[in-house]
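S.K.: Structure in structure tokens, see below.
Here, each number is a calculation from the coordinates, and none is a lab measurement. A quick note: this is a predicted structure, and the numbers were derived from the prediction, not measured. Every residue, glycine as well, gets a Cβ built from its backbone with ideal geometry; the counts of neighbours run over all protein chains shown.
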Amino acid sequence: MELWAQAKTEEELHKNVRSYPMELMKPYFKPDLSFKISVETFCNRQSQAEKVTKIESFSYLPLEGPVKLNDPDVCLQLLEYYGLDSNHIPEKPYNLFFGRWIADGQRDVITKLSLKTRKFIGNTSMDPQLSLYMANQALVRNGDLVLDPFVGTGSLLVAASHFGGYVLGSDIDFLMLHGKTRPTRIQQKKHRDKDESVRSNMQQYGKDNQYLDVIVADASLPLWRPSFKLDCIITDPPYGIREATERIGSTKNYQISDHHLVGHIPSKVEYGLQQIYQDLFQFAAQHLKMGGRLVCWIPVVR
């Protein structure tokens with residue numbers, strides 16, 4: 001919100017609004033600009049009649065355009081703050097703010113990307129709100145190339161695609177990427193649906209044209225060319241709590257016969273947490289473009 005006035009009382013607020021430079025308000029009072037005035041209260045509820053009375057108290061503003069309640073050109077906002085204790089709401093607000101509303105947030109996207117309605121999820125699927133935070137911190141823009149090297153069920157790819165990124169991922173878990181792990185929803189007793197996959201999630205949100213692919217790969221053994229460059233890396237590495245920390249390896253030196261090679265899944269050994277982050281940072285240093293960002297979670301023991 002572009003703040004025009006702030007006060008402790010209504011009288012003081014109107015005095016401050018009148019004192020605000022008219023040359024800064026006048027561009028929004030033109031006859032061809034529709035407008036509305038809204039009232040929002042924090043930690044209090046008010047009737048529509050009370051809100052209308054407060055709206056009419058700003059009748060001294062030289063608003064020349066037509067009133068338009070839905071999608072107006074200019075929205076003026078009165079905010080009243082009644083504190084944080086909902087059990088002891090004061091009669092008058094502690095603070096009042098008035099100004100021009102610039103833009104709404106995008107909290108509706110959190111509901112849109114909810115895990116409750118997502119086709120393919122797992123035990124460690126990242127919360128959509130946190131996924132959007134990460135993509136936002138990575139400054140994902142239209143056309144950016146984004147990688148998640150511990151992709152899992154692809155929650156971070158969904159968030160990155162929302163901001164216009166072209167996404168790809170890798171993970172060592174063959175069964176997860178092929179939708180063969182045990183289902184996490186109670187109503188799914190034994191088997192997942194045949195079409196459960198990261199791709200199906202992208203199709204669900206209409207982002208399949210931004211989905212490049214996911215690859216079964218070991219993060220400790222990068223498969224990318226040295227010249228391969230990324231705009232962003234967003235990831236949530238495994239910590240060894242809900243998901244095992246593993247890399248390809250074996251404590252036994254055994255030979256595999258030729259007829260077993262086709263369907264062979266390599267054995268794995270423990271992948272230490274310190275080594276995971278060393279490899280991740282080294283990979284980011286080599287493959288991120290200048291100005292590119294790595295956004296990841298780091299576990300903290302308290």
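S.K.: Residue by residue through the range 99-143, note down the ones that are under 19 Å from Thr235 (Cβ atoms), out of contact with any helix residue (DSSP H, G or I) (no Cβ under 8 Å at 6 or more places or on another chain) and charged (D, E, K, R).
M.R.: Arg141
S.K.: Follow-up question, since we're still on this one. Given the criterion surrounded by fewer than 22 Cβ atoms within 10 Å (Cβ to Cβ) and of a type outside the set (A, V, I, L, M), identify the matching residue among Ser155, Ser131, Ser125.
M.R.: Values: Ser155 fails: surrounded by fewer than 22 Cβ atoms within 10 Å (Cβ to Cβ); Ser131 fails: surrounded by fewer than 22 Cβ atoms within 10 Å (Cβ to Cβ).
Being surrounded by fewer than 22 Cβ atoms within 10 Å (Cβ to Cβ) and of a type outside the set (A, V, I, L, M) holds for just one of Ser155, Ser131, Ser125, which is Ser125.
S.K.: Also, I was wondering about something else. For the range 132-153, how many residues meet the condition of being in contact (Cβ under 8 Å) with a residue 40 or more places away in the chain and closer than 17 Å to Lys207 by Cα?
M.R.: Selection size over the range 132-153: 10.
S.K.: Quick one: in the range 208-252, of everything that is in a loop (DSSP other than H, G, I, E, B) and of a type in the set (Phe, Trp, Tyr), which residue is farthest from Thr124 (Cα to Cα)?
M.R.: Taking the range 208-252 first, the residues in a loop (DSSP other than H, G, I, E, B) are 217-229, 236-245, 249-252.
Imposing the further condition that a residue be of a type in the set (Phe, Trp, Tyr) reduces the set to 224, 228, 239.
Numbers: Trp224: 26, Phe228: 28, Tyr239: 11 Å.
That would be Phe228.
S.K.: Follow-up. Working only within the range 103-115, note down all residues that are of a type outside the set (Ser, Thr, Tyr) and either under 18 Å from Leu156 (Cβ atoms) or surrounded by 19 or more Cβ atoms within 10 Å (Cβ to Cβ) (or both).
M.R.: We begin by selecting, within the range 103-115, every residue of a type outside the set (Ser, Thr, Tyr); these are 103-110, 112-113, 115.
The answer is Gln106, Val109, Ile110, Lys112, Leu113, Leu115.
S.K.: Which of the residues that make up the range 124-163 are under 17 Å from Asp108 (Cα atoms) and assigned to a loop (DSSP other than H, G, I, E, B)?
M.R.: Correct list: Asp127, Phe163.
S.K.: Oh, and also: Only one of these conditions is not met by Gln255: (1) in a loop (DSSP other than H, G, I, E, B); (2) under 26 Å from Gly291 (Cβ atoms). Which number is it?
M.R.: (2)
S.K.: Just to check your reading of the model, which residue among Asp213, Asp279 is loosely packed, with under 15 Cβ neighbours inside 10 Å and in contact (Cβ under 8 Å) with a residue 24 or more places away in the chain? Working first, answer last.
M.R.: Working: Asp279 fails: loosely packed, with under 15 Cβ neighbours inside 10 Å.
Sole residue among the options that is loosely packed, with under 15 Cβ neighbours inside 10 Å and in contact (Cβ under 8 Å) with a residue 24 or more places away in the chain: Asp213.
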